[in-house]
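The next block holds one structure in the form of C-alpha cells; read it before the comments.
The values are calculated or read from the model by the stated rules, or taken from the named source; none is laboratory data. Since we're looking at a predicted model, the values are computed, not measured. Note that we place each Cβ from the backbone using ideal geometry, even for glycine, and neighbour counts take in every protein chain shown. Please note that ligands, DNA and RNA were not included when accessible areas were found on the heavy atoms of the full protein model with its side chains. Shrake-Rupley method; radii C 1.70, N 1.55, O 1.52, S 1.80 Å.
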Amino acid sequence: MIIDRSKQQKNLLEMLQEKNEYISAPCNGNGICGKCIVRYKSGATEPTKQDREFLSEKQLEQGYRLACQSYPTEEYKVEIPELEETIEVLSQWENQRTEEILKNTAEGTAEKTENALYGICIDIGTTTLAALLVNLETEADCQTAVSVNHQRAYGSDVLSRISASNSGKKWEIQRCIRQDLQKLIRELLQKEKITEQQIKRIVIAGNTTMCHLLRGFSCETLGVAPFLPVDLSWMEGSAADFLGMKELDTKVVILPGISAFVGADIMAGIAKMNMHRSEGYHLLLDIGTNGEMVLGNCRHMYVTSTSAGPAFEGGNISCGMASIPGVISHVFMEETGKAGFQVIGETDGENKKQQAIGICGTGMIDLVYELREHQMIDEHGTYSDLYFDTGYELAEKVKFTQNDIRELQMAKAAIRAGVDILVKKAGIAFDEVDNCYLAGGFGTKIDIKKAAGIGLIPKELEMKTIPAGNTVLAGTKEVLL
Ligand code: FES
C-alpha cells in the first residue's frame, strides 16, 4: 500500500499506528527486533545503526528501513511490504486454529431455530484472539472466529503494551482491541446468519493487562512494583460500554483476575479443568510471553506468572516467527546426521528447504533438544566449535545462532522457575503432581518428550502431561452457561 505523508516529528511506526495501519512491532519500537520493516518509495531517511544491523546494503539501497527508527523530514511515500501476503497467511492460520478449537470443545450439532438465543465466549490472548458462538438452549458450539491481536503493533508482550499505554496510547490501544472484537463478533453473526438481538450474553477472559486495556484502565501501576491492578473483580456492563457496540443489547461479563500477572484467563482454565473441585495436585501451565501457572486442588491453590519474553513466539530470535504457514514447527534428526523438519502448511516436501521462512517456538524446542542429543551443543547450551560462529543452518533462510539458544534458554528458565517455585511452595515433590495440563495452542503442538528433554517441563511430569487445548474459551463457556 502507498501512503503519502508530509513533514512529521514522530517516527514512522508511531505515525502508522495513529492511522491504524497494522505493522508488526514486537519490541514496541525499541529497535531491537528488526521486524517493523517498511520500504520508502521516495523521501527515504538516512539509514541508522539499527537499520544497518538488520538490513543488507542492497535492502538499504532499495529504500527498506525500520519504521521505528525512521524520522521522515521531507515529503515521502512508503509501503508496508507484504501486507497482503501477511493477511493471507493469517487467514490460513485462522482455519488451522479454528479446527483446533473445535477439536477441543464439543462440536455443535443442534438445529438452528429462528428465535434461538446465543452467547459468545471470547479469549483475549496477547498474540491472538478467539471467539466462540454458543447456542444457549442446546449448549452447542456453533461457530468460531479467530484473529491476530492487532495490539501487537504496540509490542509483542504485556510489558511493551503497558509501556505503550503509559506513554499516552491508552485510548488508541483500547480502540484497537475493540475493533478486533467487534470484527470477530460480526463474523460469528454472519457465519450463523443470526441477528444482534439473538445475542444475550458475552463472557470475556484474558490476562490482566489485556482486560485493563479493553476497559481503558490506567496501566501506570501495573508495570511497576508492587504491580497493582486497577480492578480485578468480576465486571459486568453493556456491550456499548465494554465493546463500543451500541447495536448489541447484551450483557458483557469480564471474568475476575487473581493478580497483575495472573489473570482471568487462568481463572477460566481453573474452571475448565475443574481444579477447584479436585483432590490430589494438578498443574495448569500456559506457556507464552507471560507464562501463567497454577498448582493445587479443592483445598488450596498456588499461582504465579513468569516473564518468558517473546522467544516462544519468535521474538528476539534471528529467524523466529509466529506459527504461520511456511514456518518450521518440528525438527528431527535424520540418519544422515542432518536435521529434518516439518513446515506449517507444507505442500511440497521436496521444496521445503526453500519454503521454510522461519522457525516458531515448538520448532526451537525440538531443535535445541536434537542439538543436545547429538552433542552439537554442550550441557550449558554452547555450540561446538563447528557451529559457534555461524549457528546451525536448518534451511536456506533459517539459521539458529548461539544467541538464539541463549534467548530460548532464558524463556525456558523463566517458565521452569515458576513451576519449581509452585511445587516448593506446595511442599510436595514433582512425582506427587497427578497431572500437568498444557493450555493454549502452544501447549497443544509442543513435543512433550522434547520439552521435558530440555527441562521446560520437569522430567517427572513427562508422562503426566496432557495438552488441554483452549482452556480459556472452554472455561468462559462454563461461565456463560
Ligand atoms: S525494531 Fe522496530 S519495532 Fe522492533
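Numerical summary
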read-out	value
Contour excess over end-to-end distance, with Cα ends at residue 403 and residue 380 and 0.36 nm allotted per residue	7.0 nm
Around residue 333: net Lys/Arg minus Asp/Glu count, Cβ-Cβ under 10 Å	-4
Dipole of the chain [Lys/Arg +1, Asp/Glu -1 at C-beta], most positive-end residue of 306, 261, 81	261
The range 146-192 - convex hull of alpha carbons, volume per residue in Å³	57
Residue (of 315, 359, 448) at the positive-pole extreme of the range 278-468, dipole from beta-carbon charges	315
Carbon and sulfur %, accessible surface of the chain computed with the full protein complex present, 1.4 Å	48
Binned Cα-Cα distance frequencies in the range 139-276 - 10 Å width, integer %	11, 39, 36, 12, 1
Distance between modelled label sites at residue 259 and residue 39, nm, 7 Å Cα→Cβ extension	4.8
Charge tally in the Cβ shell below 14 Å around residue 219, where Lys, Arg are +1 and Asp, Glu are -1, residue 219 excluded	0
Semi-axis lengths (Å, descending) of the ellipsoid that matches the C-alpha gyration tensor of the chain	34, 31, 22
The range 180-223 residues near the modelled residue 481 label - backbone nitrogen below 19 Å, point 7 Å along Cα→Cβ	199-205
Residue-count net charge about residue 279 - beta-carbon cut-off 11 Å; Lys, Arg +1, Asp, Glu -1	+1
More than 26 Å apart - percent of Cα-Cα pairs taken over the range 279-390	35
Surface per residue (accessible, 1.4 Å probe) for the range 120-230, Å²	35
Simple Cβ-charge dipole of the chain, Lys/Arg +1 and Asp/Glu -1, about Cα centre, in debye nearest 20	1100
Contact order normalised by residue count of the chain, Cα under 8 Å, 6+ apart, percent	13
Percent of beta bridges antiparallel (DSSP, the range 98-261, rounded to nearest 5)	60
Extension gain, residue 297 back to residue 22 (0.36 nm per residue minus Cα-Cα distance, nm)	94.7 nm
Linear extension gain, residue 136 paired with residue 56, 0.36 nm per residue minus alpha-carbon span	23.2 nm
Mean ellipticity per residue at 222 nm, deg cm²/dmol - from DSSP H runs of n ≥ 4 across the chain, formula -39500 (n - 2.57)	-10000 deg cm²/dmol
No Cys partner within the rule (Cβ under 4.7 Å), the chain	36, 68, 121, 142, 176, 211, 219, 298, 319, 360, 436
The range 214-254: chymotrypsin sites (Phe, Trp or Tyr not before Pro) falling in loop per DSSP and having at most 14 other Cβ within 10 Å	227, 234
Förster radius 25 Å - calculated FRET efficiency between residue 196 and residue 276 (Cβ-Cβ, nearest 0.05)	0.15
Among 134, 212, 155 - extreme Cα towards positive end, dipole of the range 98-261, charges at beta-carbon	155
Amide N of the range 157-194 lying under 17 Å from the label point, which is placed 7 angstrom from the Cα of residue 251 along Cα→Cβ	none
Charged-residue dipole, Cβ positions (Lys, Arg, Asp, Glu), the range 2-81 about Cα centre, Debye nearest 20	80
Estimated dipole of the range 220-371 in Debye, rounded to 20 [Cβ of Lys and Arg +1, of Asp and Glu -1, Cα centre]	260
